[in-house]
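Comments concern the structure below.
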Amino acid sequence: MRFGFHLFMVDPAEHQAVARTADECGWDSIQVADAPFFPEKTAVPYPYTPDGSRFWPLDIPVLDPWVAITAMATVTKRLRFLPSVLRLAIRQPLLEAKSFFSVAAVANERVALGVGLAWMPEEFKWLHVDMKTRGARQDEAIQIIRLLMKGGMQEFHGRHFDFERLTMAPVPKKPLKIYVGGTTPPALRRAARLGDGWVSVIHDKDQVPAVIDELNRYRREYGREKEPFDIMMHCPDAQSLDDIRRLEDLGVTDLQVTPWSAPGILAEMGVGTIMQQQPPLAVKQEAIRRYADSVIARLR
């Protein structure tokens, strides 16, 4: 089992210190948010809280994910970083591939790409992207990024993106992983069909077997059941060593936790209940060390 945590709502001024601490004591990954802007009002509710409300202040500072990752990668040696999740459906994949590969070069390839569709109609409207085609656009964008990762001259002719032969450098020495986020059946199917893994939002441990069964069923359907596949699960009630071992037996490869949050938080309370807890930096660092000593070290 690998272990990581998310930095949404963590002060950007703390990112490097938090990353250094995690790097020094055996953590495996850090996830960062992607939020180009926050509309004052949204046409649809937020999908990951019980009442549909946004749990963060709209003026919260959120760095561009590639900037945040670069800043942390330059002060660490081991940690892997990924956006969770990059709103790929509102972005131009050629430019996004350039950013991804550039950060990979700076970070000694300690990066992965987590992607999602984006949920706010305002993002699509104001960036002049058709929200109705977001699934198909993201599918093509994933294919384009994988194609460009190969290096050399490449071309792509799809319904939504089309370009003649071109080359991009630098590219990674080996393929970097692309994870797909989302909890709906189409999202799970996309992860099974196009992803190297799946990124969850938040689940109780009792919900995990059904989700993994569904993912595995889709992977068999697409003939990918024998390929490596990572499952990055945020499961706050998996607190004991036995809980974590059971998740690993089910196929969870990466457990996402928030070491400085209070225990006893359940999925139905919403991800915001965890992320709103932001103690001082020194408290965060001590919690990162304590979890590494009491959990990570004992499972390796």
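The values are calculated or read from the model by the stated rules, or taken from the named source; none is laboratory data. This structure is a prediction, so every number in the text was calculated from the model and none was measured. Here Cβ is always computed from backbone atoms with ideal geometry, including for glycine, and neighbour counts include all displayed protein chains.
Within the stretch 88-122, the set of residues being over 19 Å from the mean Cα position of the chain (by Cα) and acidic (D, E) comprises E122 only. Within the option set T70, T42, T76, T49, being assigned to a loop (DSSP other than H, G, I, E, B), among the polar types (S, T, N, Q) and under 22 Å from P172 (Cα atoms) holds for one residue only, T76.
Listed here are the residues, each with its yes/no results for (1) crowded, with 21+ Cβ neighbours inside 10 Å; (2) under 25 Å from M149 (Cβ atoms).
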position	(1), (2)
D213	no, no
Y222	no, yes
E225	no, yes
Q239	no, no
D243	no, no
D254	yes, yes
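In the stretch 100-124, the residues that are touching a residue at least 40 places away in the same chain (Cβ under 8 Å) and within 23 Å of D254 (Cβ to Cβ) form Cβ pairs under 6 Å with partners that are of a type in the set (S, T, Y) and surrounded by 23 or more Cβ atoms within 10 Å (Cβ to Cβ), at six or more places apart or across chains, as follows: G114/S84; G114/Y179. In the stretch 138-152, the residues that are closer than 16 Å to R193 by Cα reach residues that are outside any helix (DSSP H, G or I) and β-branched (V, I, T) with C-beta atoms within less than 8 angstrom, at least six apart or across chains, in these pairs: Q138/V115; A141/V115; I142/V115; I142/I178; I142/V180; I145/I178; R146/I178. Scan the stretch 261-282 for residues that are modelled with pLDDT under 95 and either of a type in the set (A, V, I, L, M) or more than 20 Å from P57 (Cα to Cα) (or both) and the total you get is 11.
Meeting the requirement of 2 or more residues that are surrounded by 20 or more Cβ atoms within 10 Å (Cβ to Cβ), the strands (runs of 3 or more DSSP E) wholly within the stretch 93-185 are 113-116, 178-181.
For the stretch 230-240, the condition of being under 26 Å from I30 (Cα atoms), touching a Ser or Thr at 6+ places or on another chain (Cβ under 8 Å) and polar (S, T, N, Q) holds for none of the residues.
Among residues of the stretch 212-227 that are farther than 15 Å from P185 by Cα, those with a Cβ under 8 angstrom from a residue that is of a type in the set (K, R), sequence gap 6+ or separate chain, pair up as R224/R193; E225/R219; E227/R219.
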